[in-house]
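Chemist: Attaching a single structure in structure tokens format; questions to follow.
The values are calculated or read from the model by the stated rules, or taken from the named source; none is laboratory data. Model, not experiment: these values are computed from the prediction. Note: ideal-geometry Cβ built from the backbone for every residue, glycine included; neighbour counts use all protein chains shown. For accessibility, only protein heavy atoms count, side chains too; no ligands or nucleic acids. Shrake-Rupley method; radii C 1.70, N 1.55, O 1.52, S 1.80 Å.
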Amino acid sequence: MVVSEETQPTMEGDGSTSKKAAKKAAKAAEKQQKKAEHKATSAQSQNDASEPDISEGRYGMRKLIQSSGEHRERIYTDVKDLSVSLDGKDVWVRARLQTSRAKGKQCFAVLRQSSSTVQLLINVSEERGVSKQMVKFAGNITKESIVDVRGTVIKTSSPVESCTIHEVELLGVELWLVSAAKPQLPLQIEDASRPEKNDDPEALKIRVNQDTRLDNRVLDLRTPANQAIFRIEAGVCRLFRDILTKKGFVEIHTPKIISAASEGGANVFTVSYFKSSAYLAQSPQLYKQMAIAADFDKVFTVGAVFRAEDSNTHRHLTEFVGLDLEMAFKNHYHEVLDTIGSTFTEMFRGLQEQFASEIATVGQQFRVEPFKFLDPPLRLEFPQAIQMLKEAGVTLGEEDDLSTPDEKLLGRLVKAKYDTDFYILDKYPLAVRPFYTMPDPNNPKASNSYDMFMRGEEILSGAQRIHDPEFLTQRAQHHAVDISKIAAYIESFRLGCPPHAGGGIGLERVVMLYLGLDNIRKTSMFPRDPKRVTP
């Protein structure tokens, strides 16, 4: 039998040649298939374009909204309000297009408004006047674009687990692009929303780092957890205001540009002030006291506080929101201490009762341990804290301040012994407190001052203030404070001032520690620290 050249078996040593030929042939076939698919798609597009568009006038780019008066009669429904009670009804919704997936004659999408999401279905239907062209338009809208949708609310046969609105979806009949997002986003919302500590071995390990988040904060703030965090933060402010107002406090507003360092230290920002210099306020301290001297009796303020500390830690900012209060008392500063303590417990209870869903949302991304507190709150004296630390192997002098590691250890010891995340530490050493702090009459080394802690970190520092002008002058000189720069402050006490005490709270730190988050930048909308002044 004669074997032709074409059918001869491959000889030993020619295997690599045949493999290369096979790969080349496979590539050529794949290329040919892609060409055919592209040709078919082009032909289909041409067919779609040639078909009459039954959706004309029901989709497209909406004209730039310049308040010309168009569509003012249109009533929009919030995504969070979509429910089975609206089953079968047509509604208008304005939301972001979170995701979209078009295939053939239908497009599935997710609409998001704040933290609420609902499924949108747009499918070809002559009856509803939805064309292939409209479906294709929906599939091409970029993620995070804002759209106006008119759709019919439809009760679903099974819950839509991927959305916060489970029981209904929208069947779209109109779709208008209001504001387009660029195609390439610096981060994806789904990546920024992934649980930070996920035990599922199958879960994606994609993480968005903190700097990327903060550099693109507008996008980052759209995640469900961030939406919840800043609603909780607003809740803390509202509760603080409401609770103190009920207790007879008056809200005041104090200057942020001052002539002298309010704490008597060097950690201030100097600003040019016409032909001289001024400082950004480290605290509203002096003005709260002057308000007490002016017979306001009980005052509080919510506002920016500035600290020029080069501290690049998880809990320090150069600008934060201060929740400050000051109160006159009759005979003992514990009257004020008890008022502040009850304010915190009422605030914690209010968060539990009014923000349970937001706290749960934060817990889906971050591991949030429930915050525990006692009512009335636990109060320890400084020597007791020193003793607890000593028993744990940490030795401190009676006039030493607590370091951050000491505070954290003490927080763990208190939690183990008393089962509370919140406590008050009273009678700090006089040597570590500001010049205006009243000394303890029974112990020259101690003071009538206190700090309050959440999860082992300080969130409030306060004290009884010296209200006698001569004694105040003496203590200021002892701390090397320039008397001429605080003359107006001291003068206010020469006009008669009741005994008083108060404290200053860091809002962002309270929210961070209440939720058990690991970094204060998560609770500052646009954080400022030694390395960041943008965006």
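Chemist: Using 0.36 nm per residue, how much length does the chain from Gln384 to Phe274 gain when fully extended, once their Cα-Cα distance is taken away?
Modeler: 34.5 nm
Chemist: Another question, if that's okay. Using 0.36 nm per residue of separation minus the Cα-Cα distance, give me the extension gain between Ile206 and Thr313 in nm, one decimal.
Modeler: 36.0 nm
Chemist: Carbon and sulfur: what percent of the chain's accessible surface (1.4 Å probe)?
Modeler: C and S fraction of accessible area: 51 percent.
Chemist: Once amide H atoms are built 1.01 Å from N in the peptide plane, which residues 5 or more positions from Glu174, or in another chain, come under 5 Å H to H?
Modeler: Those qualifying (amide H under 5 Å, at least 5 residues apart or on another chain) are Arg150.
Chemist: What's the extension gain from Ala416 to Lys136 if we count 0.36 nm per residue and subtract their Cα-Cα distance?
Modeler: That works out to 94.8 nm of additional length.
Chemist: How far is helix 224-246 tilted off the main Cα axis of the chain, in degrees rounded to 10, range 0 to 90?
Modeler: 30
Chemist: Of Pro383, Gly350, Leu325, whose Cα points farthest to the positive end of the dipole of region 320-414 (charges on the beta-carbon: +1 Lys, Arg; -1 Asp, Glu; origin at the Cα centre)?
Modeler: Positive-most Cα among the choices belongs to Gly350.
Chemist: If you don't mind, another one. Treating only the Cβ atoms of Lys and Arg (+1) and Asp and Glu (-1) as charged, compute the dipole magnitude of the chain about its Cα centre; round to the nearest 20 debye.
Modeler: Using only the charged Cβ atoms, the result is roughly 1660 debye.
Chemist: How high is the FRET efficiency from Gln66 to Asp90, r the C-beta distance, R0 25 Å, rounded to 0.05?
Modeler: 0.40
Chemist: Return the FRET efficiency for the residue pair Asp53, Lys27: r is the Cβ-Cβ distance, R0 is 35 Å, and the value is rounded to the nearest 0.05.
Modeler: 0.35
Chemist: Could you provide, to the nearest whole Å², the per residue accessible area of region 423-504 with probe 1.4 Å?
Modeler: Accessible area per residue: 37 Å².
Chemist: A further question follows. From the square roots a ≥ b ≥ c of the eigenvalues of the alpha-carbon gyration tensor of region 133-244, which class results: rounded (a/c under 1.5), prolate (a/b over b/c), or oblate?
Modeler: Because a/c hits 1.5 or more and a/b exceeds b/c, region 133-244 counts as prolate.
Chemist: Work out from phi, with θ = phi - 60° and the Karplus expression 6.51 cos²θ - 1.76 cosθ + 1.60, the ³J(HN,Hα) of each residue of region 95-112, listed in order in whole Hz, and give x for Gly and Pro.
Modeler: The phi angles translate into 7, 8, 7, 6, 8, 8, 9, 9, 8, x, 9, 9, 9, 9, 9, 10, 9, 10 Hz.
Chemist: Return the sequence-ordered ³J(HN,Hα) values of region 513-530 in whole Hz as given by the Karplus equation 6.51 cos²θ - 1.76 cosθ + 1.60 applied to θ = phi - 60°, using x for Gly and Pro.
Modeler: 7, 4, 7, x, 7, 9, 8, 5, 5, 6, 10, 10, 4, 10, x, 10, 9, x
Chemist: A further question follows. If I compute volume of the Cα convex hull per residue in Å³ from the structure I just sent, which labelled value in [x] 182; [y] 155; [z] 300 lines up?
Modeler: Matching the structure shown: [z].
Chemist: Using the heavy atoms of the protein chains alone and a 1.4 angstrom probe, what is the accessible area of region 208-309 per residue in square angstrom?
Modeler: Per residue, region 208-309 has 45 Å² of solvent-accessible surface.
Chemist: Right, here's the next one. Which value at 222 nm does the chain reach when only helices count, each DSSP H run of 4 or more adding -39,500 (n - 2.57), with the total divided by all residues and rounded to the nearest 500 deg cm²/dmol?
Modeler: Counting only the DSSP helices, I get -10000 deg cm²/dmol.
Chemist: Among Gln474, Ser115, Ile146, which residue has its Cα furthest toward the positive end of the charge dipole of the chain, with +1 on Lys/Arg Cβ and -1 on Asp/Glu Cβ?
Modeler: Selected residue: Ile146.
Chemist: Continuing with the same structure: Note down the nm distance, to one decimal, between modelled labels 7 Å out along Cα→Cβ at Glu196 and at Val250.
Modeler: Going by the 7 Å Cα→Cβ label model, 4.2 nm.
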